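The values are calculated or read from the model by the stated rules, or taken from the named source; none is laboratory data. These figures come from a predicted structure and were not determined experimentally. Cβ coordinates were reconstructed from backbone atoms using ideal geometry, including for glycine residues, and neighbour counts include every protein chain displayed. Remember, those area values only see protein heavy atoms, side chains included, never the ligands or the DNA or RNA. Shrake-Rupley method; radii C 1.70, N 1.55, O 1.52, S 1.80 Å.
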Amino acid sequence: MKKIFLLAFLFLTPLVFGQKTTFTIKYSEQLAVYLFIENLSEHYPENVFKTEFQKSKYNTEHYNKIISKFDKLILDYSFRFDEYPYGSKKNMQTNDLLKKNLIETNNLTDFKLHSSGLIPNQTLTDLASCISEFTNVYNDLIYNPNKEKFEKQLAAIIKYSNDNNMNGYFETGLLFYNSSWDNAIPFVAAFYPLPNSKGFTAQAFCNNFISAVQVDLNSNKDLFSVMMHETYHIVYDEQSFEVKTQIDTYFKESKSKCSNYAYQLMNEVLATALGNGYVYEKLDGKLDTEDWYNRKYISLMAKKIYPVVKEYIDQKKAMDKNFIDTYIKLYEENFPDWINELDNIMTYRYVLSENETDSRKINQLFRYRSRTEFDSEITENSINKMKDTPLTKVVIISKNTAEKVKLLKNKFTELKEWKPNANKEFANKFFLNDKSQLIIINQKEATIETLFKLIK
């Protein structure tokens with residue numbers, strides 16, 4: 001029997017027409033089993049789910065064939081909202097919609113009905129079959145051994161939410177971001193147990209938040225500050241076209257050389273300042289003195305902008321031109337060298353290379369990535385597409401160097417005085433007029449890693 005427990009309804013303060021946006025917290029067996037199989041994939045690193053499965057009686061040819069079948073399913077298609085400024089609104093991902101439907105339906109038949117058309121029907125049928133086959137495996141290995149602790153933990157999460165008026169922080173985000181939400185659409189948060197681990201995982205998409213929770217977790221303020229961090233990404237994403245266009249204009253009209261990379265960083269910085277800064281401080285009674293994020297660029301900039309964010313919240317003001325100008329100024333005055341640090345600028349990258357393995361190699365070199373594009377051709381058309389984005393532009397040439405250099409020089413006026421030796425390897429970086437960096441690599445014998453080390 002399928003077990004989806006509706007555990008609580010938390011009501012947010014009315015925003016429109018006196019209605020209330022509901023925030024539902026639940027356990028979704030379907031989602032938990034899906035994520036369990038995902039973690040068993042050979043492409044996933046070692047984790048507690050994989051450990052439990054590999055030492056169990058279910059580690060047989062039959063179930064391993066199902067895992068292999070799952071691995072081969074193509075579940076993630078995407079499309080852009082092209083009318084919005086580039087990168088200001090998240091691409092729609094079918095994988096997110098599938099997870100949303102797993103959470104919000106009561107059985108796999110309903111799941112298939114609601115998901116029909118998102119992916120090919122045969123793929124959808126195969127996915128549902130994999131989940132069905134592994135449901136008893138998941139319950140036997142993960143859910144049932146942790147059921148008592150998990151349900152107590154979930155009850156504590158619900159009580160903490162009620163006691164601390166978590167709904168108010170959602171409204172705070174709507175006001176600060178100058179965003180909106182249709183109250184007819186509920187937020188649905190799905191939790192599932194994470195045994196033999198410390199901490200939790202977190203992800204948000206559409207109108208959902210999902211988290212694997214350590215069954216002995218004793219710091220709900222940490223969980224909820226991260227939960228609101230992820231929710232603020234949704235609130236930011238739901239800003240209107242007009243608001244996003246206005247913000248985009250403020251950054252593009254800035255005279256600061258740092259404005260582009262400050263813009264690329266802002267979404268994560270503001271979610272951190274609000275969730276890990278403001279919400280945590282309210283819940284704990286004092287500001288967190290540790291790192292707010294496990295990446296220095298985000299943590300340091302979030303702490304630097306936090307006093308301004310808090311001032312706007314206290315004054316019930318929405319982010320505006322003055323806020324954006326202040327944000328850019330703080331970035332430039334405190335972290336001017338970041339626009340030259342590869343670990344930072346390669347977070348947002350557009351790579352052109354006729355060697356498709358270069359994409360994997362670059363992902364290994366720069367594992368943290370926020371926005372990436374890759375094209376396996378170096379042509380006038382591909383260069384034009386790359387040029388129209390604000391991302392770091394990487395061109396890796398491995399043949400016909402003189403021809404490719406000529407193409408690049410014709411497209412980028414900043415290369416007018418550049419006279420490379422096409423017969424030798426090189427790795428050069430140029431700061432462009434759109435305030436992004438252009439990296440051009442000529443590869444002959446050296447590895448990509450070696451050539452990136454030459455960039456200054």
Matching residues in the stretch 345-360 - criterion: being of a type outside the set (Gly, Ala, Ser) and touching a Ser or Thr at 6+ places or on another chain (Cβ under 8 Å): Ile345, Met346, Thr347, Tyr348, Arg349, Tyr350, Val351, Leu352, Glu354, Asn355, Glu356
Which listed residue, of Asn334, Asn322, is open to solvent by 30 Å² or more (accessible area, probe 1.4 Å), in contact with a helix residue (DSSP H, G or I) (Cβ under 7 Å, 6 or more places away or on another chain), over 28 Å from Phe79 (Cα atoms) and polar (S, T, N, Q): Asn334
Sole exception among (1) open to solvent by 50 Å² or more (accessible area, probe 1.4 Å); (2) under 22 Å from Glu151 (Cβ atoms); (3) modelled with pLDDT of 95 or more for Leu6, by number: (3)
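I need the full set of residues from the stretch 158-176 which are within 19 Å of Tyr232 (Cα to Cα), of a type outside the set (Gly, Ala, Ser) and in contact (Cβ under 8 Å) with a residue 40 or more places away in the chain, in order please.
Let us first name the residues in the stretch 158-176 that are within 19 Å of Tyr232 (Cα to Cα), namely 161, 164-176.
Going one step further and asking which of them are of a type outside the set (Gly, Ala, Ser), we end up with 164-167, 169-172, 174-176.
Of everything in the stretch 158-176, those that are within 19 Å of Tyr232 (Cα to Cα), of a type outside the set (Gly, Ala, Ser) and in contact (Cβ under 8 Å) with a residue 40 or more places away in the chain turn out to be Asn164, Met166, Asn167, Tyr169, Phe170, Glu171, Thr172, Leu174, Leu175, Phe176.
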Qualifying helices (runs of 4 or more DSSP H) (wholly inside the stretch 61-175; at least 1 residues being open to solvent by less than 40 Å² (accessible area, probe 1.4 Å), aromatic (Phe, Trp, Tyr) and more than 30 Å from Pro390 (Cα to Cα)): 61-72, 108-115, 121-138, 144-163
Filter result (open to solvent by 90 Å² or more (accessible area, probe 1.4 Å) and in contact (Cβ under 8 Å) with a residue 24 or more places away in the chain) within the stretch 355-384: Glu377, Glu380
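Charged (D, E, K, R) and within 21 Å of Tyr261 (Cβ to Cβ) - does that describe any residue in the stretch 390-400? Please lay out each step first, then the result.
Filtering the stretch 390-400 down to residues charged (D, E, K, R) leaves 393, 399.
Retained after the next criterion (residues that are within 21 Å of Tyr261 (Cβ to Cβ)): 393.
Taking every residue of the stretch 390-400 in turn, at least one turns out to be charged (D, E, K, R) and within 21 Å of Tyr261 (Cβ to Cβ).
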Residue among Lys221, Lys244 that alone is outside any strand (DSSP E or B), touching a helix residue (DSSP H, G or I) at 6+ places or on another chain (Cβ under 6 Å), of a type outside the set (Gly, Ala, Ser) and farther than 16 Å from Phe23 by Cβ: Lys221
Hey, Ser240 touching a Ser or Thr at 6+ places or on another chain (Cβ under 8 Å), open to solvent by 40 Å² or more (accessible area, probe 1.4 Å) and small (Gly, Ala, Ser) or not: yes
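For residues that are of a type in the set (Lys, Arg) and farther than 21 Å from Ala155 by Cβ, scanning just the stretch 214-270, find the one that is nearest to the chain's Cα centre (by Cα).
Lys244
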Meets criteria (crowded, with 16+ Cβ neighbours inside 10 Å, farther than 30 Å from Phe251 by Cβ and at pLDDT 90 or above) for Thr51: no
One residue from Lys296, Lys316 being over 25 Å from Arg367 (Cα atoms), among the basic types (Lys, Arg) and surrounded by fewer than 20 Cβ atoms within 10 Å (Cβ to Cβ): Lys316
Cβ-Cβ under 7 Å pairs, at least 6 apart or on other chains, the stretch 93-119 side within 18 Å of Arg80 (Cα to Cα), far side acidic (Asp, Glu) and open to solvent by 20 Å² or more (accessible area, probe 1.4 Å): Gln93/Asp76; Thr94/Asp76; Asn95/Asp76
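Could you please give the count of residues in the stretch 187-226 that are of a type in the set (Gly, Ala, Ser) and touching a Lys or Arg at 6+ places or on another chain (Cβ under 8 Å)? Before the answer, list the steps.
Restricting attention to the stretch 187-226, the residues satisfying the condition of being of a type in the set (Gly, Ala, Ser) are 189-190, 197, 199, 202, 204, 211-212, 219, 225.
Keeping just the survivors that are touching a Lys or Arg at 6+ places or on another chain (Cβ under 8 Å) gives 189-190.
The qualifying residues number 2.
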Residues of the stretch 214-226 classified as touching a residue at least 24 places away in the same chain (Cβ under 8 Å) and out of contact with any Leu (no Cβ under 6 Å at 6 or more places or on another chain), total: 9
Check on Thr347, free of Cβ contacts under 8 Å to residues at least 24 places away in the same chain and open to solvent by less than 50 Å² (accessible area, probe 1.4 Å): no
Lys411 being closer than 13 Å to Val351 by Cα and basic (Lys, Arg): no
Candidate set: the stretch 263-319, residues that are outside any helix (DSSP H, G or I) and charged (D, E, K, R); chosen: the one farthest from Glu332 (Cα to Cα): Lys286
